[in-house]
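Here the structure comes first, spelled out in structure tokens, and everything after it is commentary.
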Amino acid sequence: MKKYVKILMFCGLLFFSCKTEIEHGKTHIDDLPDFTIEEYIPSFEHPGILHNKKSIDRMREIVKNANSDDPAYKTYLLLKEDPLAKSDYEMKGPLKEIMRGADGGTMKIHEPDFQAAFLNALMWIVTQNESHAEKAKEILVKWAETLERIPEHNDAPLLVGFHGFHLAFALEMLSHTYNMSYEDIDKVNTMLRDIFLPYMEDFYVTPAFSNGNWGLAVTIGYMSFAILWNDSEMYKKAINFVLRGNDNGSFPNYIDEETGQCQESGRDQSHTQLGLGMAGGICEIAYKQGNDLYSVYNNLVMKGYEYTAKYNLGYDDIPFKTWTDITGKYSNWTTISADDRGEYRSIYALAYNHYVLRRGLSMPYTQEMLKKHNWLGKYNGDGLDYDVFQFNDVDLN
């Protein structure tokens, strides 16, 4: 599946110069008695799936200034050259049904189309070039008019999680910043609700069976739908899953509070970074809605980032313990895995921005990881980084 193409990405422009725009979550779960999910209320700010008006304005300012020494602007230029981010992208689909799996299924058709909708929506909100909005809209509407089903198959939860997020993000941006008709919006919402959502709901009620990145992927898609549809019950259900879920994808089951070891640390480093990237994305989506997931369980997500960054930088003094995961099938590894060690995923600036720039905490290994990779977003080109939706934009001063 890997293309071995290095693609650098801009999407973290929203975080540049964060010292001038430190957002504050309104709800700190650690302060709530027994994690009272009923009190965990989203603001439903729109646009609000990762980006809000402040972050969009900041990204536009970075592009307008065009500072060639600015890593954020450099990353934007690299994004601009990504074929999937271009307004003349030629669709591979649509299809009546889609599947994902070891044999590829329809991945070579549906994945680039959904990623192109996502990236063109991002390019639209940053450049205000309507050709990008039109391309994203074309992809959304044509797929909504054509797609009939996602057949039952092993990877269906991953498909709807990854691409539900992509499609919800694109629709959220267009429906709140562009002249998209109610009819077209309704078509896309119907596709998401009738074809994607049922697999997410099924995942939540099915006994745990997967490694943790699955539950995190489903949740980032589910939470995006909740915000898109102003559905507080869905939103609270997603929060309840990551805080209390009996699944490897809940925060306390994915990250060890003592060391930061992740449930997939003994599996390989690419899946571990994928899971952490999803966890960070979930935290940021919630933060934009006035809720602080970053701080739960004594900054648990931060510990996961630091542990993983340290090992992937080459340090060997890493504690590792064998534990029995929720399913009883995974995380019985006896040593941390060297598979994909050092294969950088640009998940780190998101966490650095929050914990260091917003909160004033210390993340020395995350900082070292960012410095090593010149503070730029980077893709490995195998789809994982598109799935995570990277951020890389920090204040270097």
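The values are calculated or read from the model by the stated rules, or taken from the named source; none is laboratory data. Keep in mind that this is a model prediction, so the values were computed, not measured. Don't worry about glycine lacking a Cβ; one is built from the backbone with ideal geometry, like all the others, and counts go over all protein chains shown. To get the accessible areas, we keep the full protein, side chains included, count just its heavy atoms, and leave off ligands, DNA and RNA. Shrake-Rupley method; radii C 1.70, N 1.55, O 1.52, S 1.80 Å.
All of (1) in a loop (DSSP other than H, G, I, E, B); (2) buried (at least 21 other Cβ atoms within 10 Å of the Cβ); (3) modelled with pLDDT of 95 or more; (4) of a type outside the set (Phe, Trp, Tyr) hold for Ser362 with one exception: (2). For Phe320, state whether it is under 22 Å from Tyr222 (Cβ atoms) and either open to solvent by 10 Å² or more (accessible area, probe 1.4 Å) or modelled with pLDDT of 95 or more (or both). No. Number of residues in the range 182-204 that are within 21 Å of the chain's Cα centre (by Cα) and of a type in the set (S, T, N, Q) equals 1. A Cβ distance below 7 Å, combined with a sequence gap of six or more or placement on separate chains, defines the contacts here; from the range 188-199, residues that are under 17 Å from Thr219 (Cα atoms) reach residues that are at pLDDT 95 or above and of a type in the set (D, E, K, R) in the pairs Ile195/Arg149.
Open to solvent by less than 10 Å² (accessible area, probe 1.4 Å), in contact with an Asp or Glu (Cβ under 8 Å, 6 or more places away or on another chain) and either within 21 Å of Arg358 (Cα to Cα) or assigned to a helix (DSSP H, G or I) (or both), is that true of Ala279? Taking the combined requirement at face value, the residue does not satisfy it. When Ile109, Ile98 are screened for being of a type in the set (Val, Ile, Thr) and touching a Ser or Thr at 6+ places or on another chain (Cβ under 7 Å), only Ile98 passes. Considered as a group, the residues in the range 291-335 that are assigned to a helix (DSSP H, G or I) and of a type in the set (D, E, K, R) include one that is farthest from Arg359 (Cα to Cα), and that residue is Lys310.
Within the range 79-109, the set of residues being surrounded by 14 or more Cβ atoms within 10 Å (Cβ to Cβ), in a loop (DSSP other than H, G, I, E, B) and small (Gly, Ala, Ser) comprises Ser87, Gly93, Gly101, Gly105.
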